[in-house]
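Nothing in this text is a laboratory measurement; each read-out follows from the coordinates by a stated rule. Nothing here was measured: the structure is a model prediction, and the numbers come from that model. No Cβ is skipped: glycine too gets one built from the backbone with ideal geometry, and neighbour counts run over all protein chains shown.
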Amino acid sequence: MQVNEFKPLIVAFCCNWCSYAGADLAGNNRLSYPADVKIIRVPCSCRVNPMFVLRAFQRGADGVIICGCHPGDCHYTSGNYYTRRRMTLLFSMLDYLGIEKERTRVEWVSAAEGAKFASTMNDFVSKITQLGKNKRLEDLRCKK
Amino acid sequence: MQKISRDKLIKKASNLLNSGIVRCVLGWKRGEFDYDITPNVFTTEKELIDDFVWNDFCGANLSKYLVSKTQGVDGKILVFLKPCDTYSFNQLLTEHRFDRERAYVIAVPCEGMADINKIKQITNEGISSIEFNEDTLSISTLYNEEPIKIAYDRVLSERCLNCKSKKHVVYDELLGDDGEILESNRFDEVEKIEKMSSEERFEFWQGELSRCIRCNACRDVCPACTCEKCVFDNPESGVENKASANSFEEKLFHIIRAYHVAGRCTDCGECSRVCPQNIPLHLLNRKFIKDINEFYGEFQAGEKIGMRSPLIDYTTDDIEPNEAVNRRDS
């Protein structure tokens, strides 16, 4: 029997100081989360230019999640406050253009929250799996 | 019809030019047709008398040209600015794109500009000449013997129907009377789109944006787009050219373009005016302005010099991104 199960491609931008360490802790604690999540380590969540998110979608991502330190806990004092404003406007614009709003997310995960990291990723991947392939933001120029 | 006459503008400019206060004049000139008015630099009184134009097609915002025209040469440049152009002027000063001392701003009141596409819908092609009367336009075409008379309010451009301000926020000299900041309905169209379902919105924007031919005119004309190097000229960016495939690929270009000017866009409406495909690009910019107003408080870019854009600022209790997107549904 042929099984055509959809495996989403999720890009997770994780800040070096909190969320990336949170992912590490999830691993240390043997908490499982789907291998569909591809983590990209960034120095701070505000390193994520809105174009990175678009680029990820353009190259075939089905969902993009940005993880950073909790507001107030940024290693660089205020980076994640800027992230919050930028992503608010970007997500709102994507929604306005008719892109499913479930495909983008921002979560604050600290270095101590390995369990939250794993549960967030499990939840996000299952939502995206339900949504299916990202058709609305694909770019045929980037199709292999 | 514009209340200030062309002669008055020419006289003012000639005086300043002849007395040596300004080196040259940034104004408007007739293009190939009566209705395609193009920005131009005038250096002598004769040039002004021969070519200078001031009528209902002078929609072009001249503030952006100061960035290139003030570079490498001394002396002041006289520039004519309509109320909405003065906001762009302030925004450019805020971003230190040129020196305030190098510009001599003459504020010109504006009665709203005509949209040639609306006129063409009434008269069809072949417009040979246009005559300006008190509250009508007389349009002669190749195919009609009698000129067609059209009332101004029928052909006023969309941005002028929703004019946000008749007040000049900056000037050295004012011609005529200054207006007031107006209550406009400019976000109505945005709200209409917001109320659609996700599928309808996608369909709507696919219909609009897939017409894009990637001429980059919206970028080139935008007074907020003054980077010397642009991501859309970089072949490595992945968004440099138009894809030769029938997809909705242009949305990336348009999101990036609109996002880049978010918080700095003064809503002058030049992008929609120059679009050869008549894509309502201002609806993307206005969405950002509306969101900024809703989430971070009322903000009008260019209102004052030195204002901090909402995107380079924050408060500790800003709305969360996912909450902001979900709120609209509840």
Next on the checklist: I'd like the trypsin sites (Lys or Arg not before Pro) in the range B:271-330 restricted to DSSP loop residues with at most 15 other Cβ atoms within 10 Å, sorted by number.
Outcome noted: B:LYS304, B:ARG308, B:ARG328
Next on the checklist: Over 10 Å intervals from 0, what percent of Cα-Cα pairs in the range B:266-330 sits in each interval?
Outcome noted: 17, 41, 30, 11, 0
Item to check | Compactness of the protein assembly as shown - radius of gyration and Dmax, Cα, Å | outcome: 25.5, 90
Item to check | Percentage, to the nearest whole number, of Cα pairs in the range B:187-270 over 17 Å apart | outcome: 55 percent
Checklist entry - What number comes out for the charge environment of A:MET121, summing +1 per Lys or Arg and -1 per Asp or Glu over other residues with Cβ under 10 Å away? => result -2
Item to check | GluC sites (Glu not before Pro) restricted to DSSP loop in the range B:142-238 with at most 13 other C-beta within 10 Å | outcome: B:GLU145, B:GLU180, B:GLU183, B:GLU228
Next on the checklist: Please compute the volume of the convex hull spanned by the alpha-carbon atoms of the range B:116-155 and report it per residue in Å³.
Outcome noted: 56 Å³
Next on the checklist: Output wanted: per-residue J couplings in Hz (rounded whole) for the range B:298-311, from phi through Karplus 6.51 cos²θ - 1.76 cosθ + 1.60, θ = phi - 60°, x for Gly and Pro.
Outcome noted: 3, 9, 10, 4, x, 5, 10, 6, x, 6, 8, 5, x, 7
Next on the checklist: Quick check on the exposure proxy: order B:ILE127, A:ILE10, B:ILE122 from fewest to most C-beta atoms within 10 angstrom.
Outcome noted: B:ILE122, B:ILE127, A:ILE10
Item to check | Order of B:TRP28, A:TRP17 under a 10 Å beta carbon neighbour criterion, fewest first | outcome: A:TRP17, B:TRP28
Item to check | 10 Å Cβ neighbours from other chains, averaged over peptide B:311-321 | outcome: 6
Checklist entry - Short version: what are the Cα gyration tensor semi-axes of chain B, square root of 5 times each eigenvalue, largest first, in whole Å? => result 33, 26, 20
Checklist entry - If amide H atoms are built 1.01 Å from N in the plane of the peptide, which residues on other chains or at least 5 residues away come under 5 Å of the amide H of B:ILE77? => result B:ARG23, B:ALA103, B:TYR104
Item to check | the range B:56-130: GluC sites (Glu not before Pro) falling in loop per DSSP and having at most 11 other Cβ within 10 Å | outcome: B:GLU125
Checklist entry - What does the highest-first list of B:128-135, A:111-118 look like by mean Cβ count within 10 Å? => result A:111-118, B:128-135
Next on the checklist: Could you give each residue of the range A:10-15 its phi-based ³J(HN,Hα) in whole Hz, using Karplus coefficients 6.51, -1.76, 1.60 with θ = phi - 60°, and x for Gly or Pro?
Outcome noted: 10, 9, 10, 8, 10, 6
Next on the checklist: Rounded to whole Å, give me the distance from the Cα center of the range B:87-159 to that of the range B:249-276.
Outcome noted: 21 Å
Checklist entry - By average Cβ neighbour count within 10 Å, what is the ranking of A:51-58, A:70-77, B:213-220 from highest down? => result A:51-58, B:213-220, A:70-77
Checklist entry - Can you give the net charge of the other residues whose Cβ lies under 15 Å from the Cβ of B:SER184, counting K and R as +1 and D and E as -1? => result -2
Next on the checklist: Give me log10 I(q)/I(0) at q = 0.20, 0.22, 0.23 Å⁻¹ for the range A:10-130, Debye formula, one equal scatterer per alpha-carbon, no solvent.
Outcome noted: -1.09, -1.29, -1.38
Checklist entry - Using unit Cβ charges (K, R positive; D, E negative) and no other charged atoms, how large, in debye to the nearest 20, is the dipole of the protein assembly as shown about its Cα centre? => result 1340 debye
Checklist entry - For B:GLY263, what charge total do you get from the other residues with a beta carbon under 15 Å from its beta carbon, if Lys and Arg give +1 and Asp and Glu give -1? => result +2
Next on the checklist: As I understand it, the dipole of the protein assembly as shown uses +1 on the Cβ of Lys and Arg and -1 on the Cβ of Asp and Glu, about the Cα centre. Which of B:GLY263, B:PHE253, B:VAL73 lies farthest toward its positive end?
Outcome noted: B:PHE253
Checklist entry - What is the percent of Cα-Cα separations in the range B:185-330 that go past 27 Å? => result 26 percent
Checklist entry - So what is the calculated 222 nm ellipticity per residue for the protein assembly as shown, using -39500 (n - 2.57) for each DSSP H run with n of 4 or more, over all residues, to the nearest 500 deg cm²/dmol? => result -10500 deg cm²/dmol
Item to check | Karplus-derived 3J(HN,Hα), 6.51/-1.76/1.60, for each residue of the range A:80-97, Hz, glycine and proline x | outcome: 6, 5, 5, 3, 4, 5, 4, 6, 4, 5, 5, 5, 5, 5, 4, 4, 4, 7
Checklist entry - Which distance in Å, rounded to a whole number, links the C-alpha centroids of the range B:169-191 and the range B:1-53? => result 23 Å
Checklist entry - What is the Cα centroid distance between the range B:204-242 and the range A:48-121, reported in whole angstrom? => result 25 Å
Next on the checklist: Using Cβ contacts closer than 10 Å as the measure, can you line up A:CYS142, B:CYS163 from fewest to most?
Outcome noted: A:CYS142, B:CYS163
